[in-house]
Amino acid sequence: YLILREQVTRTRIIALIIGLAGLAIINPLQTGNHSANILAMASGVTGGLRLALMRKEAKIHSASTMMWFMFFAAIVTLPLLSLDGFGNWQPVWLELLFFGTVGTAISHLLLNISFQELETEYVAITVMVITPTLSIILAALLLSESLLPQTLIGGAILVLAGVILQFKKENIEHHVHH
């Protein structure tokens, strides 16, 4: 709202509060290394800033032009490899290919295309709902991590926030077209 000057509505604020309540119930800060938790929160803040700036640029640039932003971001990121060593990437080349194409390139292309048509909060709420929900499900299925009750309840509340925002969007579009 500060960067894009998009309208703040009651429904958007309610959806945001519900989404934050869902995150609070999941309470990712209750366990683990506190400095790692702070880094995760900083990642969320910078990710939110990235979404807002991507939406701002998507208003004036095509999705393919926006992919050049990602290319240059990758170039800027390359020196950071030296912070933790270059590692042994040969055994995991298939995973690297997956993360590079599906996890990054396709994900950001779809994000940029969605920014061409949708306002930031719709994209952000969708990302806020899908990312943690899918991460929790995949962690349980692929990594055998346990699903705690507060994780399930918080995840359900996150989905509710997304449903409220989507319902309001469809309701607005229905009234505009009729």
Under the Karplus relation with 6.51, -1.76 and 1.60 and θ = phi - 60°, whole-Hz ³J(HN,Hα) for the stretch 137-142, x at Gly and Pro, equal 5, 5, 5, 5, 6, 8
Those chymotrypsin sites (Phe, Trp or Tyr not before Pro) from the stretch 47-127 that are DSSP loop and have at most 10 other Cβ neighbours within 10 Å turn out to be Phe86, Trp89
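Every read-out reported here was derived from the displayed coordinates using simple, explicitly stated rules and does not represent laboratory data. Just so it is clear, the structure is predicted and the values come from calculations on it, not from any experiment. Positions of Cβ are generated from backbone atoms using ideal geometry, with glycine treated the same way; all protein chains shown enter the neighbour counts.
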